[in-house]
Structures are given as structure tokens and as C-alpha cells.
Amino acid sequence: MEVKKIPKKTVTLIEPKRSILVDKEKYRQKRVAAYCRVSTGSEEQLTSYVNQKRFYTEMIAQNKEWEFAGLFADEGISGTRADKRPEFNNMIKACLAGKIDYIITKSVSRFARNTVDCLDYVRMLRARGIGIFFEEQNIDTLKSDSELYLVIYAGFAQSESESISKNVTWSYRKNFEEGKILFHYKTLLGYRKGEDGQPEIVPCEAEIVERIYTMYLSGMTVDVISKQLRAEHVEVPGKKFTFGKNMIMNVLKNEKYCGDCILQKTVTIDCISKTRKKNEGEAPMYIVENSHPAIISREMFNRAQEELSRRKARAPISQKNAITSTGKYSRYALTDVLICTECGSRYKRVTWTSYGDKRVVWRCVNRLDNGKKYCHNSPTLSETALQEAIVRALNKFNNEDTTTYLTLMKATIGEAIGANGGSDEIDLLERRIEALNNRMLKMVSESVEKGADMEDREDEFKSLSDQIEQLNRRIQAVRESEGSDQERQERLRQIQATIDQRSAHRDTYDDSIVRQMIECIKVYEGGRLKIIFGGGYEVEEQI
């Protein structure tokens, strides 16, 4: 009787990717609004409104990370009906329009006495990243335990959803680290649960899987494969499969058929609404190799992935038609990035006129509105001197780290013109290669430490080397498919032309470069600047 060798099960960690994209939002002040209800007579009501406005204005101005976004006040005794509170509705509309980041109110009862309304609005705003702070109860709805306290004070009994979700998430992650996998057999062609609780191959279903891969690699399209299987009325006992195009594509992309399993492909972003999304670096993923019996060889699976990449039509991910289009927040790019380090406020472009001469400067908004009350030493910046400092910083960045500079420039220009369509797939494959290389280095170190012969682990080294080679071929196939697209070639030509143009005018200030490459410019007393580029690269300049 022939003895079949069972491959060794291995688990490989894929590290979350580090983004180099420009993110200006993390440096911007929070736009904070206040909501109150005044329920007294007209004269006292006016006094109450004025007092509350003054109180919240001063409270928000004293926090360097906040910017006052308005006071919303409704009159009346009852707060149970949102449709009877026009200012409340105006505040919600402002939140949905992206004009408010945070709300302060005195208590839960001031915000809403209808518990269902209260929770619905809190959850809706929190899903958009907008928090509410209830002063009396000291509840911040952006914190993980806020829902529990909010429900208690509002009189509801919805208790431990988030706590349970954390425990479930922890248990799943622990299972992932140990290489424990979960199969949904009713929706997975080719496998069933064995007597030992582990996946086992169903021969008649496995034949269909092998046939799908063979047909695809022989040149048939997904549509043709689907129509042929449907015409044959292929049925699987105990399972309902339509053999539509989506199902065929899922079979071709599913790594389980070569005996591997990628864990944590998706993440839960809200345990209340059960909203899930594709894992794009929010959490680590795990590759479990040889976790169960394979229906097809790993070589055939990788050839199918290469063929998928070659046939895949690339569409731009962005509909922007110009890399110099006007920014989202302001007519001037510097409005979005200049931040006063003393009070946290943004800077504003101001034109000074003296004896008929005009001079453009940038000044701290807090200093302009309140004088030296909250911001004493913020410098006034000449626009010409500021632009010259930014040009010096860009050239210094380019001279000190040309590779990172060009990588960031290509990424941001590509994002603007929609030329980054295949970068996510390539990034994941490259991180898998990096993880396999790390495993090889670890094996070498272990062998050296133990004084073991390297030949004893020759089969393991060869297996890892073969996988790296296959993944590199898949990357090459993706890049070839991108290169075969004439429109994509034109976008790549645009990127290079833009880089060449900027190189020729490297001493000239350009708003589009600031929009695309700079996350934040921190302004210190005395005119010192710290310029932060996408990916965290920092350059200091003095005006």
C-alpha cells in the first residue's frame, strides 16, 4: 500500500500595509457645535440663549483642537419629537453636509427624550465619525463604552453589545493566530465536514471544481463556462448552486481549492449595525498553508490567478480629469494645511492695504477673531516668503530621499488621474512575498543557532522559494495586464510628463503639489515651519 505524505500545516502573518497617501484631516481642528433647549418665557429665554452661547463659545475657543461651528437652540418644553425642533434638524443637516465634527450638549434629556430617536441619531452620526458629548453624564459617543451608558441614562435595556463584540473579535483573532479555519460547507463547492470535524473532499463536487479550472485555463471565458454548466443542468445534492458568472469567478479566486486559507479578509466596523468591509490594512491577515486537503495543485491555482490578471480590464478608480483641480475645502491649497501650533487653529489668507500698496499675508484665524485672548504669539506669514519656504522644503525632500519623494509624487498624481487601479492587488502579493522571505530568514537563523545542517530543511526552502516565484509571476501578470491597456499607458505617460514638468520648474511654487503631497504645515512662534509630507516625512524651514 502506498503511503501518502501529508504536507505540514504552516501559518504566515501578513503585516498591515503602511499608507503613504496624504491625509490632511488628522491635522485639522474639530468643528464643534453646541445644542441646547430653552424652555422659559421670552425675556428669560433670550438671556438664557445669550448666556449659553457665550459659555460654549469661550469653552470651545479655549481648546486648541476645536473650532466653533455654531450654537443651535430650540424653544419648547418637550424634546420627544425631532420634527418639532427646527434647530435640531438644521444641526443634523449640517452634520450630514460635513460642516460639524463634534456636538456638545448639557444632558441626554436636552438632546432627546425619545429614546429611539436619541439612539438612532447617535448611531447615524457615529457612523459618520461625528461624536456627541453629554456634559452631565460625561458620555462621549465616540468611545467604545458610550452606547452602554447612553442606553442606561435614556432608560433602555440594550446592554453589552459592544463588550460581547470585543470578546467575539478577540476569540476569532486567537483562532486565526493558531491557524484554525472555519468552513461554510453549504456555500462551498467541493468540501463537506468529515467525521473528525475537519474538511474532506467530495469527489463528485471536486470533479466540477477541477473542470472549471481546466476550462478556464484552456481559454474559455467565465461567461461561456457558466452557460455550459447551466445547459448541462449540473446539480449538487444537498447544496443550491446557480453556476452563474459570479459563482464561477469566486471558485477561480478561492485559495481554499489549493489547500490554503487566508483568514480575516473582512473586518467589522460597527458591531451594532453589523457593517463589514474588505480588510484593506485595518487588521492583519493570516495565510494558513496546507490547512486542509487540496482539490487542485498550487501551481494550477497560481496559473489561474495569472490568467485572471491578464484578462482583467483595468478601470480608473478616480473620475478626476485633472490633477490641478480645485481642492475640496478651499480656493487656496494652504488653507487646508497651515495650522497654528499655539492654539490649533487654521491660517487664513488676508490682504493688507497700506497707502495704496497691497500685501498678501497668512494669519491665525483665532488671532484674527479674538486678538491675543487665546493665541498670543502666532506669527503673521508673508505669502511670498511662505511659498519660497515650501519650495525649499520640497527640493530638500527630493535631494535627501529621492526614492521616497518620487514614490509619493507618482502615487498622488496617479490617484488624481485614476492610474492606481491594480496597486492594491500588487501590494497584497508583495506583502505575501515579504512574509515568505521573513520565514526563510527565520529558518536560516534557527538552523545556525542549533548548528543543524541546512540540507535537512531543503524541502521547506524549496517550497517557499517556489511560492515566491509563483507570486512574482502573478505580480508580473498584473503589471502586464495594466500595460496592455492603451488608456492606462496614456495615464502613465501623463504621470511621467507631470513629473518632468515639475522637475523643470522645481523652483516655482505650485498649489497642486501642496494639495497632493503635503499633509500639514505646523507654524511655530518666530516663523519656524514643520512641513509634513504624505507618509510622515518631515522637513523644517524658517521664514
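Only a single item in (1) surrounded by 19 or more Cβ atoms within 10 Å (Cβ to Cβ); (2) out of contact with any Lys or Arg (no Cβ under 7 Å at 6 or more places or on another chain); (3) aliphatic (A, V, I, L, M); (4) in a strand (DSSP E or B) is not met by I339, and it is number (2).
The selection criterion, being surrounded by fewer than 17 Cβ atoms within 10 Å (Cβ to Cβ) and either more than 39 Å from the chain's Cα centre (by Cα) or over 24 Å from E299 (Cα atoms) (or both), does not hold for K245.
Report whether or not D466 is under 19 Å from I14 (Cα atoms), modelled with pLDDT under 70 and assigned to a helix (DSSP H, G or I). For D466, the condition - under 19 Å from I14 (Cα atoms), modelled with pLDDT under 70 and assigned to a helix (DSSP H, G or I) - is not met.
Each row is one residue, and each column tells you yes or no for (1) without any contact (Cβ under 8 Å) to a residue 24 or more places away in the chain; (2) not aromatic (F, W, Y).
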position: D336; (1), (2): no, yes
position: C343; (1), (2): no, yes
position: T353; (1), (2): yes, yes
position: W362; (1), (2): no, no
position: N370; (1), (2): no, yes
position: Y374; (1), (2): no, no
position: T380; (1), (2): yes, yes
position: A393; (1), (2): no, yes
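For E299, the requirement of being open to solvent by 30 Å² or more (accessible area, probe 1.4 Å), at pLDDT 85 or above and in a loop (DSSP other than H, G, I, E, B) is not met. Taking the criterion of being under 28 Å from R31 (Cβ atoms), part of a helix (DSSP H, G or I) and at pLDDT below 90, the residues of region 366-404 that qualify are N366, R367, L368, D369, N370. Taking the numbered list (1) open to solvent by 20 Å² or more (accessible area, probe 1.4 Å); (2) over 30 Å from L188 (Cα atoms); (3) at pLDDT below 85; (4) among the polar types (S, T, N, Q) in turn, T268 passes all entries but (2). Within region 216-238, residues that are farther than 20 Å from P203 by Cβ sit with their Cβ atoms under 7 Å from residues that are open to solvent by 90 Å² or more (accessible area, probe 1.4 Å) and modelled with pLDDT of 90 or more, at 6+ positions apart or across chains, in these pairs: V222/K245; D223/K245; S226/K245. For region 204-237, filtered to residues that are part of a loop (DSSP other than H, G, I, E, B) and open to solvent by less than 80 Å² (accessible area, probe 1.4 Å), the residue that is modelled with the lowest pLDDT is G219. For region 186-203, filtering for residues that are surrounded by 15 or more Cβ atoms within 10 Å (Cβ to Cβ) and without any contact (Cβ under 8 Å) to a residue 60 or more places away in the chain leaves 2.
The values are calculated or read from the model by the stated rules, or taken from the named source; none is laboratory data. Everything quoted here is computed from the prediction, not taken from an experiment. Don't worry about glycine lacking a Cβ; one is built from the backbone with ideal geometry, like all the others, and counts go over all protein chains shown. Note: areas computed on protein heavy atoms with side chains; ligands, DNA, RNA excluded. Shrake-Rupley method; radii C 1.70, N 1.55, O 1.52, S 1.80 Å.
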